[in-house]
Amino acid sequence: MNNKKRVFFAWIITLFIAAMTFCSASANNSENIFLNVSRPLTSEQSTALEALKIAQSSQLSPIDINAFQNLSENDLEKINDKNLLDFVQTIRQQTDASQKGPILPVKEFKVLFKYESDSKESVQALAASLGIGDIYFYKYTNVFSVIADANQLVKLLQNNQNIIRIETDKLSTPEAITLGSATEAITHVSMMHQAGYEGADAYIAILDTGLDASNPEFGGRVTHEHCWSSPANLLPDLLSVASCTDSTRTIQLTESESAYPYWGGLSSSWSHGSHVAGIAAGNGGIAPKANIIALQVFSNFTVYGSQTNLALSWDSDQMKALEYLIDLRESGLNIVAFNMSLGGGSCSGYCENDPRKPLFDRLVELGTIPVIAAGNNHYNGFINYPACIPSAYSIGAVNYVNNKPEIVSFSNHALAVDLLAPGVNILSTILNGSYAYASGTSMATPMVTGAIALVAGKVPETTGVNVESFLQKVSTLSATRDRYTRKILDFSKVPKIIEALKEPWWIVGDTSQSNQPVYNFEGSVW
């Protein structure tokens with residue numbers, strides 16, 4: 001907001017970048033935002049935006065203080081979000097608007113409720129009686145997402161024994177920092193390919209900003225596509241638009257069977273999903289014969305505080321994608337891993353209460369490993385959500401300095417990090433069939449996803465979970481920071497791989513047969 005000292009408005013903003021007691025769920029870390037994804041408003045745009053915010057606020061009804069005051073202590077204990085709880089408590093203390101100052105108008109919030117397993121119908125009926133229409137119940141976990149105003153949320157929570165927990169629907173950014181120039185291009189992984197390890201018969205899913213399935217780099221191996229995005233008019237703070245497209249790539253939808261990115265600017269975050277997928281399973285990637293499931297889970301935010309045109313992902317949309325994967329896995333599709341090079345906030349341990357955890361756990365039971373970026377905030381002792389989920393395979397980034405592996409300064413490092421992989425100056429495909437070098441845990445993560453596909457694809461009865469343990473055992477290199485030593489992904493002991501593969505491998509993305517340009521983005525890390 002323009003004036004962060006206006007406490008009420010600050011509370012509203014933090015509802016969407018919530019902080020927990022030990023884990024902060026904020027998504028808006030500037031070091032995670034891509035080059036040019038957020039553009040400063042022109043003076044004309046700024047004036048128009050302020051007018052829109054004022055008009056939006058003037059149409060809203062006042063907060064029902066009595067509803068807030070009638071919440072019991074048991075109700076308050078269910079609010080699993082410090083900032084949301086602080087907001088509620090502050091409203092509860094306001095008994096007289098004339099004495100305490102102006103009451104904030106009712107605004108809409110996007111939240112997740114956890115409920116008792118046998119109470120879906122009663123909860124649904126109550127929501128309908130309160131006029132809540134935008135509600136979504138998940139199939140594999142007792143959670144529903146909802147967009148509702150503050151009065152409706154409080155009344156839904158009030159003295160409701162079927163509600164277990166409420167928290168804000170958090171936002172994730174693509175995990176990227178800078179795009180820089182490459183210093184060398186050594187792909188010893190080609191020796192794995194020559195030995196027959198190419199990922200054939202394995203499926204991997206990429207939950208990201210989408211990709212162009214017709215890109216020759218993917219070799220016609222994108223077998224499934226889907227998109228979920230959530231338009232949300234939460235002005236004056238947030239405004240996201242439907243960001244899925246149909247086959248014509250022109251219509252904006254909330255859900256579609258196309259994963260084509262919302263916006264095609266080469267230097268934008270909407271190229272992020274293409275770059276990640278190319279590392280994991282492009283023709284010049286780690287697993288060049290693996291099948292790709294492309295899932296677009298990002299929404300374009302035309303307003304995010306004082307910023308515009310950001311690609312951010314709601315937890316609720318990610319959960320829809322995870323349920324989609326569960327359905328595919330249970331149908332018999334050999335999905336060995338899913339990649340999430342996204343995240344936000346910070347956690348010092350494990351986030352047991354993350355709403356995505358039951359879905360992660362179910363996929364692991366089915367043999368599909370969650371491969372998740374640790375994040376790029378320079379944290380020691382903290383990593384991002386959802387990498388902190390206990391069943392996640394959390395990936396950090398390394399670089400080689402003077403022939404010695406080192407954990408990159410931007411890479412978050414903590415107890416929950418499981419494995420390290422190269423994440424500096426990685427070459428891969430972007431939109432329009434072009435190529436770019438990029439750095440970040442976003443790049444390290446799909447290297448591991450591709451590695452899982454290599455091994456699992458070679459031995460079809462092997463699951464992603466088996467391969468996770470295998471990679472830990474065969475990797476010989478390691479690096480240490482802040483007392484935590486972790487293995488670095490390497491293939492030197494993989495069966496049938498020649499001795500020369502002991503050297504680290506770096507760059508993926510074979511551009512030798514391409515006439516397309518190779519871009520060198522300068523700015524922030526991916």
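Each part reduced to its alpha carbon centroid, region 234-291 and region 301-339 end up 11 Å apart. Database remark: amide H of residue 205 closer than 5 angstrom to the amide H of 293, 337, 338, 339 (H placed geometrically; neighbours at sequence offset of 5 or more, or on other chains; Pro and chain starts carry no H). Spacing of the modelled spin labels on residue 252 and residue 348, each 7 Å from Cα toward Cβ, amounts to 4.2 nm.
For the peptides 466-474, 150-158, 326-334, the ranking by mean Cβ contacts within 10 Å, running from highest to lowest, is 150-158, 466-474, 326-334.
For the pair residue 120 and residue 469, a Förster radius of 25 Å applied to the C-beta separation gives a FRET efficiency near 0.10, rounded to the nearest 0.05. Packing, as the average of other Cβ atoms within 10 Å across residues, places the peptides 130-142, 250-262 in the order 250-262, 130-142, highest first. Can you pick out the pairs among 155/320; 289/357; 78/114; 114/357 whose Cα atoms lie more than 19 Å from each other? Long pairs (Cα-Cα over 19 Å): 155/320; 289/357. Cβ-to-Cβ counts within 10 Å put 64, 246 in ascending order as 246, 64, the fewest first.
The order of 108, 77, going from fewest to most other C-beta atoms within 10 Å of their C-beta, is 77, 108. Taking a straight line from the alpha carbon of residue 458, these aspartates and glutamates sit under 18 Å away, with near neighbours fewer than eight places off in the same chain left out: 198, 201, 468, 490. With a simple spin-label model that places each label point 7 Å from the Cα along the Cα-to-Cβ direction, the separation between residue 66 and residue 365 comes to 4.6 nm.
What does the charge count near residue 321 come to, summing +1 for each Lys or Arg and -1 for each Asp or Glu among other residues with Cβ under 14 Å from its Cβ? Local charge sum for residue 321: -3. Stretching the chain fully between residue 137 and residue 484 yields a gain of 121.0 nm (0.36 nm per residue, less the alpha carbon separation). Electrostatic tally near residue 71: other residues with Cβ closer than 13 Å to its Cβ, Lys and Arg +1, Asp and Glu -1, net -1. The phi-based Karplus calculation (6.51 cos²θ - 1.76 cosθ + 1.60; θ = phi - 60°) puts the 3J(HN,Hα) values of region 304-312 at 9, x, 9, 9, 9, 6, 10, 8, 10 Hz, whole numbers, x for Gly and Pro. You can think of it this way: the chain between residue 380 and residue 193 has 63.7 nm of extra reach, that is 0.36 nm per residue less the Cα-Cα gap. Close amide H partners of residue 78, meaning residues 5 or more places away or on another chain with modelled amide H under 5 Å apart, do not exist here. Look at the alpha carbon pairs under 8 Å that are at least 6 residues apart: their mean separation over the length of region 373-475 gives a relative contact order of 25 percent.
Laboratory data are not the source of any read-out in this text; all were calculated from the coordinates shown. The model shown is predicted, which means the values in this text are computed figures rather than measured ones. Every residue, glycine among them, receives a Cβ derived from its backbone with ideal geometry; neighbour counts consider all protein chains shown.
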